[in-house]
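Working notes for the structure below.
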Amino acid sequence: MTVVTRFAPSPTGYLHIGGARTALFNWLFARHHGGKYVLRVEDTDKKRSTQDAIDKIFEGLSWLGLEHDGDVVFQSQNAGRHAEVAAQLLAEGKAYHCYCSPEELAEMREKAKEGGSTRVYDNRWRDRDPSEAPAGIEPVLRIKMPLDGETTISDLVQGDVTRTNDTLDDFVILRSDGTPTYMLAVVVDDHDMGATHVIRGDDHLNNAFRQYHLYQACGWDIPEFAHIPLIHGADGAKMSKRHGALGVDHYADLGILPETMRNYLLRLGWSHGDDEIISTEQAIEWFDLGSVGRSPARFDMDRLLNLNAHYLKEADPAQLSGIIMALADETSDKSLSTHAQTRLIAGLSGLVQRAKTVNEVVDSASLYLFDAPLPFNDKARSMLAEPETRNHLSELAQILGTITLWDESQLDTAVREYADRNELKLGQVAQPLRAALTGSNVSPGIFEVMVVLGHDETLKRLELASS
RNA sequence: GUCCCCAUCGUCUAGAGGCCUAGGACACCACCCUUUCAAGGUGGCGACACGGGUUCGAAUCCCGUUGGGGACGCCA
């Protein structure tokens, strides 16, 4: 049997962190087993589904690198099939029309709450003769649930979970306008697409019991269920779009790499011994549902950032520099230096070592991407305020101008000698130098900067700063 | 309220009855390195929610308590 998993987001907003992880787990599970991972858009609620949301979700998934197999399924297009199954259930006496008004339902809900019951609907139309139907009211179709006994779901993550059937009421499978509800649609679609494993958020565990009986009513095999714990916010409450969770696009905008997100999300709720840095290839090889934890995890930005710093260092320099230049070009009103690319590639490792996000690299890279004159921050400016320091810089420029072999050790030696001769500590020379060359009090090693900048640009910046 | 689930450092977790004096990672603190900031290195702080069992032995199994979370729609 080949494994078929599916990710089934409802297009009512962006792809949030929890959804992204659900998608990742489905994708990993399918890849691990050499199976199929399909994407299905649950747009049965036309009122709340938007094209914009659909686009955002696709974008998020493709940013994450979770490519699906086959065509995307739009659930709304299967409405006919859903209705057909519903009609069959009605014909077999497994479902029935219910003519309750919203008011009646509200009353029942009230009563259920008072009486301490989980079962809301009181089955008032379950055995009533259709001839008693009030005129002019379009009924909904409800499924008959068992009245006694109990149901056990053998969940691949949560283990055996049992619920007595008297807590399950007859739920609606077809609305009064004839459209299918989510509960019917998922079951029919999962069955039709041959889903073998339904991996989704823990908030669906309760639904699994209802769906279980719907599968049975249809006479279909029940897929394996795996309900993974939800991701909580820092406050410990469910992280959903309604509760201010951010979309993956937000993290992309922040300068988080997709490989970081995959690794981070993977480790949230799943583990493989003490391993922390896990490549996607390893993840595919190792992933299993048995190692998914049963308790919810909190989202931790520090951890994400730390991982991102790691992946930033491992990123391909050519690719990363391309991204950085594009971003810098986009956000700056100055135009990039003709030497931008060569300098950036030469200086990238020094930059990346000091950054946690792509955006931080973009900021720090400006000293290489643009030619002098450069903007100075306050600390750099005050460092260069003393005429004496400017004199030192000017003398230093003279000395550096005579250096023929422009490498770190030559520059290092020359600057140290100058400091010694003037009875200055290296820092007293290096800091003003940094200010002059970078416009900042913080930068990569100053000799590295000089080498990356090259002889001409270095001297040009020194002149500008010392005059 | 009812039903369901969960419970190891602040956070993510390792842990399948003796390997546990409870391990790793992030964060935090200190020191080292050092031209700044980082990175890196070394060390430190820090947890089995509580109470009962079961057992020669329990973080691990059972029960209860407490705490947290989720679900209770003609939403998905």
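Classify the range A:7-51: rounded, prolate or oblate, from the alpha-carbon gyration tensor (a ≥ b ≥ c, eigenvalue square roots; a/c under 1.5 rounded; otherwise prolate if a/b is larger than b/c)?
Here the range A:7-51 falls in the oblate category.
Given a 1.4 Å probe and every protein chain left where it sits, what share in percent of the accessible area of chain A is carbon and sulfur?
49 percent
As a check on your grasp of the helix formula, calculate [θ] at 222 nm for chain A: sum -39500 (n - 2.57) over DSSP H runs of n ≥ 4, divide by the residue count, round to the nearest 500.
Per the formula, -15500 deg cm²/dmol.
First check a/c for chain A, with a ≥ b ≥ c the square roots of the eigenvalues of its C-alpha gyration tensor; if it is under 1.5, answer rounded, and if not, answer prolate when a/b is larger than b/c or oblate otherwise.
It is prolate, given that a/c is not under 1.5 and a/b is the larger ratio.
Determine the per residue accessible area of chain A with all protein chains present and a 1.4 angstrom probe, expressed in square angstrom.
For chain A, the solvent-accessible area averages 48 Å² per residue.
For the range A:35-80, what does the alpha-carbon gyration tensor say about shape, rounded, prolate or oblate, given a ≥ b ≥ c as the root eigenvalues, a/c under 1.5 as rounded, and a/b over b/c as prolate?
Oblate shape, in that a/c is at least 1.5 and b/c is the bigger or equal ratio.
So how tilted is helix A:79-91 from the main axis of chain A? Cα-based, degrees 0 to 90, rounded to 10.
30 degrees
From the phi of every residue in the range A:200-206, what ³J(HN,Hα) in whole Hz does the Karplus formula 6.51 cos²θ - 1.76 cosθ + 1.60 yield, where θ is phi - 60° and glycine or proline is x?
Those phi angles translate into 7, x, 4, 5, 9, 4, 5 Hz.
Return the percentage of antiparallel bridges among DSSP beta bridges fully within chain A, rounded to the nearest 5 %.
55 percent
What's the longest bit of chain A with no exposed GluC sites (Glu not before Pro), using DSSP loop states and at most 14 other Cβ atoms within 10 Å as the test?
Formally, the longest exposed-site-free interval is A:93-275.
In whole Hz, what ³J(HN,Hα) sequence does the range A:452-467 give by Karplus (6.51, -1.76, 1.60; θ = phi - 60°), x for Gly and Pro?
5, 5, x, 3, 5, 5, 4, 5, 4, 5, 5, 4, 4, 7, 8, 7
Roughly how many whole Å is it from the C-alpha centroid of the range A:287-338 to that of the range A:36-113?
The range A:287-338 and the range A:36-113 have Cα centres spaced 35 Å from each other.
Once you place label points 7 Å from the Cα toward the Cβ at A:ASP412 and A:GLU59, how far apart are they in nm?
Reported label-point gap for A:ASP412 and A:GLU59 is 4.7 nm.
Report A:THR342's accessible area, 1.4 Å probe, all protein chains in place, as a number in Å² to the nearest 10.
For A:THR342, solvent-accessible area is about 100 Å².
The values are calculated or read from the model by the stated rules, or taken from the named source; none is laboratory data. All values reported here derive from a predicted model rather than from experimental measurement. Note: ideal-geometry Cβ built from the backbone for every residue, glycine included; neighbour counts use all protein chains shown. Side chains are part of the model used for accessible areas, which takes the heavy atoms of the whole protein and leaves out ligands, DNA and RNA. Shrake-Rupley method; radii C 1.70, N 1.55, O 1.52, S 1.80 Å.
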